[in-house]
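None of the figures in this text is laboratory data; all of them are computed from the coordinates on show. Being a predicted model, the structure only gives us computed values, none of them experimental. When we count neighbours, we look across all protein chains shown, and the Cβ atoms used for this are built from the backbone with ideal geometry, even at glycine.
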Amino acid sequence: MNNSLTEKIEQAATSPRNMGEMDSADAIGTVGSTNCGDMLRLWIKFKDEKDGRRVIDRATFQSFGCQTAIAVASVATELIRGKTAEEALSLSGEELSAPLGALPPMKIHCAQLVEQALQSALTPTTSLSHDNKPSCSSPASTLSDQLHPQTGKFKINILPS
Ligand code: FES
């Protein structure tokens, strides 16, 4: 990685924005990568604009992941503010990580982890209750137990390796 990219990632990862749980989230998405075992969860809160559009007011994240995933989640949670769900869903991992610069090939999946968490949160699927745990054959499933699902909206999407 070039020095500028490394510095931006280190800076975003050491002082991440929007890290932490959100009590009153409207949507939550959690993903785990079978590639590296890293996991990431996004919380999203919407607000209604005067023009009738429903846009993302705030997004927060937690990650059991590498520095790059944390850095991308940090900039992505800023980037999606003010966007509709459709607009946020249209963003690729490359676009979500763009404020950091172009990622090297071995780190592209870190940005895809954030992209997939966003899709997990914003794409309607069957909700799972606390008693109805998702089947998970990933080695990362033990990490998911540490995420302590707080709402019935909890779901985990396992990314293909
Ligand atoms: Fe797996 Fe970065 S190394 S998310």
Within 10 Å of each candidate Cβ there may be at most 15 other Cβ atoms; applying that plus a DSSP loop requirement, which chymotrypsin sites (Phe, Trp or Tyr not before Pro) in segment 42-124 survive?
none
Can you pull the Kirkwood radius for segment 36-83, inverse mean 1/r over Cα pairs, to one decimal in Å?
11.6
Cross-link reach list, aspartates and glutamates versus Lys83, counting only Cα pairs under 12 Å and skipping chain neighbours closer than eight places
Asp48, Glu49, Asp57
Contour minus Cα-Cα distance for Thr6 and Glu21 (0.36 nm per residue):
2.7 nm
Approximate spin-label separation Thr123-Lys50, in nm, with each point projected 7 Å along Cα-to-Cβ:
3.6
